[in-house]
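Comments concern the structure below.
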Amino acid sequence: MKMENGPLTGVKVLDLSLLLPGPLCSQHLADMGAEVIKVENPRMGDLTRYMGTKVTKGEFSETGFFLQLNRNKKSITVNIKRDGGREVIMRLLQDCDILLEGFRPDTLNELGIGYEQLKEKFPKLIYCAISGYGATGVYKEHAGHDANYIARAGLLALNGVKGGPPVVPGFQVADIGGGTLTALAAILAALYAREKTGKGQFLDISMQDGSAPFLSLYMGEFIASGKEPERGNEPLSGLLPNYQVYETKDGKYVMLAALEENFFKTFLRQIDRLDLLENMTRDEAGFKAVHGEMVKIFKAKTYAEWSPLFENTDSCFSGLNSLAEVTQDKHLRERGMIREIDHPRLGPVTVIGSPFHFSETPVTYRTAPPAQGEHTEAVLAAAGYSAAEIEELKKQKCV
């Protein structure tokens, strides 16, 4: 029998993180059933509430960015720079399993609510800190963003076409791959370890560190040959004609990713050009010659004319979907990766679903992303604060 609740039901998270890496991590935890309390500043909430275009209905609006990262959470406003605000944090931690934060290293230690101050009072607490370069090392105090982390990790130098400059990816590799998912894995492992030892621990998550494993293929070749990879001219970045983006007659693009020879044969058989593979020499000159022929072949037909071949299960051939097409993709819809959630003020809102599919403890979509401070009074009351005490905290601008 399937459980109605997710695998993390009963786990409680206090989330002090902002922007993307931490909030997406805590949303994954919340989708899995954890109770997540999102802590925001009383004067200005999470900056994602102000970034990008807003979805508006009547007098209420919220940014599309915020709506993608904060479902299944409660929002409270706490000023952690005030004594009363820090006392609220300490009170809430009494029954929390996880504290998640994304400040620069030592910021919360300096405020008196970092791991060094908390570990004695809350020995079972799992404290996860996501930062750019980690809590140790010479870059520890450096500010940075996604592109800085992938630059120093060696990824950015590899991204781009042969003979051209490095190209910054249009999506957050370090934030999500290096930060969100690395933190999520660490938190789940720490929860498992605590089951055996009864002890919490400090999780030091560096987005640069978490980006480094993306280099595994290139690093393996480098340590074996001593040769630096060439941007835009490696097997997966432009060298092979069977692993390329091609332009169609009407200016659209398709992706051929038939890396193994049997898949490439399947594709070439469909277009009656097996001769290209049969005559291709396995060197850069041979790859370049076939690539030139493939460019002409794809340019001879429109995207619509190529699209029936997308359906072949063994050709590794696909179109490049726009976001409008992604939101209507039948496969993603069937798997729940594109779905609507009901927002109490905005109505149905399209969101990216959870990528975690459990057979016995499925994820759930319980509540829409909260308004700033929506649950402050309810959460404080549940923590034992009286109505008078809550009003006093408000007067002191602690909440």
Can you go through Arg71, Arg43 and tell me which one is in a loop (DSSP other than H, G, I, E, B), buried (at least 21 other Cβ atoms within 10 Å of the Cβ), of a type in the set (Lys, Arg) and in the same structural domain as Glu377 (by TED's automatic domain parsing)? Arg71
Suppose we keep only residues that are part of a helix (DSSP H, G or I) and over 28 Å from the mean Cα position of the chain (by Cα) within the stretch 189-220. Which one would you say is farthest from Leu268 (Cα to Cα)? Thr197
Set Arg333, Arg273: member being in contact with a helix residue (DSSP H, G or I) (Cβ under 9 Å, 6 or more places away or on another chain), in the same structural domain as Arg71 (by TED's automatic domain parsing) and without any contact (Cβ under 8 Å) to a residue 60 or more places away in the chain: Arg333
Phe60 passes all but one of (1) within 18 Å of Thr350 (Cβ to Cβ); (2) buried (at least 17 other Cβ atoms within 10 Å of the Cβ); which number fails? (2)
Exactly one of these conditions fails for Ala157: (1) in contact with a strand residue (DSSP E or B) (Cβ under 7 Å, 6 or more places away or on another chain); (2) part of a helix (DSSP H, G or I). Give me its number. (1)
Considering only residues that are in a helix (DSSP H, G or I) and within 23 Å of His28 (Cβ to Cβ), which ones fall in the stretch 364-393? Val379
Among (1) within 16 Å of Ala129 (Cβ to Cβ); (2) in a strand (DSSP E or B); (3) free of Cβ contacts under 8 Å to residues at least 60 places away in the same chain; (4) not hydroxyl-bearing (Ser, Thr, Tyr), which single condition is Pro23 missing? (2)
State whether the residues of the stretch 349-372 include one that is surrounded by fewer than 17 Cβ atoms within 10 Å (Cβ to Cβ), small (Gly, Ala, Ser) and under 30 Å from Ala258 (Cβ atoms). no
Matching residues, the stretch 61-109, being touching a helix residue (DSSP H, G or I) at 6+ places or on another chain (Cβ under 6 Å) and small (Gly, Ala, Ser): Gly84, Gly102
Any chance you could count how many residues in the stretch 373-399 are within 19 Å of Val13 (Cβ to Cβ), without any contact (Cβ under 8 Å) to a residue 24 or more places away in the chain and among the hydroxyl-bearing types (Ser, Thr, Tyr)? 0
Is it the case that some residue within the stretch 313-323 is in the same structural domain as Asn262 (by TED's automatic domain parsing), of a type in the set (Val, Ile, Thr) and over 16 Å from Lys74 (Cβ atoms)? yes
Could you tell me which of the residues Asp31, Asp46, Asp15 is closer than 19 Å to His357 by Cα and touching a residue at least 12 places away in the same chain (Cβ under 8 Å)? Asp31
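The values are calculated or read from the model by the stated rules, or taken from the named source; none is laboratory data. Bear in mind the structure is a predicted one, so any value in this text is a computation, not a measurement. We place every Cβ from the backbone using ideal geometry, glycine too, and count neighbours over all the protein chains shown.
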